[in-house]
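Q: Dropping a structure here in structure tokens format, bear with me for questions.
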Amino acid sequence: MTTPPVLGVDAGSPGLRKADHLVHHLVGRLGLPAGTVACTHFVRGGDPHTAVSLTAADPAAAEAAWHALTQARGAGAEGAAPLGVFLAGRRHGPAALAEAAAGAAAEAAARTGGRAVVYPGADGLTGTVTVAELLAGTPITRLVVLGSPADEPPGPSAEILTSGHVRPEWRAGELVLPLVPAAGGRLAPFEVPNPTPCCADH
């Protein structure tokens, strides 16, 4: 199976909230097709921040996004702020940002890292859903309840309080959702909105 093209973008976002906003901004502005998976990636080093990756099943859409992002004024949520971009060996923008964008793209392509913000079925994860509904409607393949044995996943009828904020992570080729026990015998995503869901008006 052909590996989908992965676009890496780094606008120097200082935290997850800013990076989530950038993800939604880029997906909307670039008109990326349904099925796109967009992730955030923590960038370590002298100036820790967060980059993003955009995985589109359509190579033409990825190529069009590359051209849009490498225009003189860029396409970042910060307007004309410096932007590093990477696609298929090509780099654009300040060297440090382009390097981080390449790292984000590599993690997403290998599915070894990345926190998914946009992915198929994400918009339907509101209110309370069952484990069976979540697994059937998204690319998430594994649920991990923190503090529980790894070989004891929650049953299909277990309820998850989503709070409209479900951020699974790529781990060793699988999209994994960490969960914690919640009130009433239910479960909830480990990551909670801070302080409120990003881009609630999108």
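Every read-out reported here was derived from the displayed coordinates using simple, explicitly stated rules and does not represent laboratory data. It should be emphasised that the depicted structure is a prediction, and the values quoted were computed from it without experimental measurement. Note that we place each Cβ from the backbone using ideal geometry, even for glycine, and neighbour counts take in every protein chain shown.
Q: For segment 6-118, what is the Kirkwood hydrodynamic radius in Å, using each pair of distinct C-alpha atoms?
A: For segment 6-118, inverting the mean 1/r across all distinct Cα pairs yields 13.3 Å.
Q: Which shape class, rounded, prolate or oblate, goes with segment 130-176 when its Cα gyration tensor gives a ≥ b ≥ c as root eigenvalues, a/c under 1.5 marks rounded, and past that a/b bigger than b/c marks prolate?
A: rounded
Q: Name the long-range amide H neighbours of G15: under 5 Å, sequence gap of 5 or more, or other chain; modelled H, no Pro or chain starts.
A: T50
Q: Still on this structure, please answer the following. Which order do V176, V118, V9 fall in if you start with the one that has the fewest other Cβ atoms within 10 Å?
A: Fewest to most other Cβ atoms nearby, the residues stand as V176, V118, V9.
Q: Could you work out the local net charge near A96, counting Lys and Arg as +1, Asp and Glu as -1, over the other residues with Cβ closer than 9 Å to its Cβ?
A: Net local charge, A96 excluded: -3.
Q: Residue by residue, what Karplus-based ³J(HN,Hα) values in Hz, rounded to whole numbers, does segment 186-193 have, using 6.51, -1.76 and 1.60 with θ = phi - 60° and x for Gly and Pro?
A: 8, 10, 8, x, 4, 7, 10, x
Q: Only bridges whose two residues both fall in the chain count here: according to DSSP, what percent of them are antiparallel, nearest 5?
A: Close to 85 percent.
Q: Name the residues whose placed amide hydrogens come within less than 5 Å of the amide hydrogen of R171, ignoring near sequence neighbours (fewer than 5 apart) on the same chain.
A: Correct list: V176.
Q: Hey, fewest Cβ within 10 Å first, where do E107, E174 land in order?
A: Starting with the residue having the fewest Cβ neighbours, the order is E174, E107.
Q: Here's another thing I want to ask about it. Could you identify which residue out of A183, A51, A100 has the top mean-square fluctuation in a GNM of the chain using Cα springs shorter than 10 Å?
A: Of A183, A51, A100, the Gaussian network model singles out A183 as fluctuating most.
Q: Okay, helix-only estimate at 222 nm for the chain: each DSSP H run of n ≥ 4 adds -39500 (n - 2.57), divide by all residues, round to 500 deg cm²/dmol; what do you get?
A: -7500 deg cm²/dmol
Q: Within the chain, which is the longest segment that contains none of the trypsin sites (Lys or Arg not before Pro) sitting in a DSSP loop with at most 12 other Cβ atoms within 10 Å?
A: No qualifying site falls inside 74-202, the longest such stretch.
Q: For the chain, what does the relative contact order come out to in percent, with C-alpha contacts under 8 Å and a separation of six or more?
A: 21 percent
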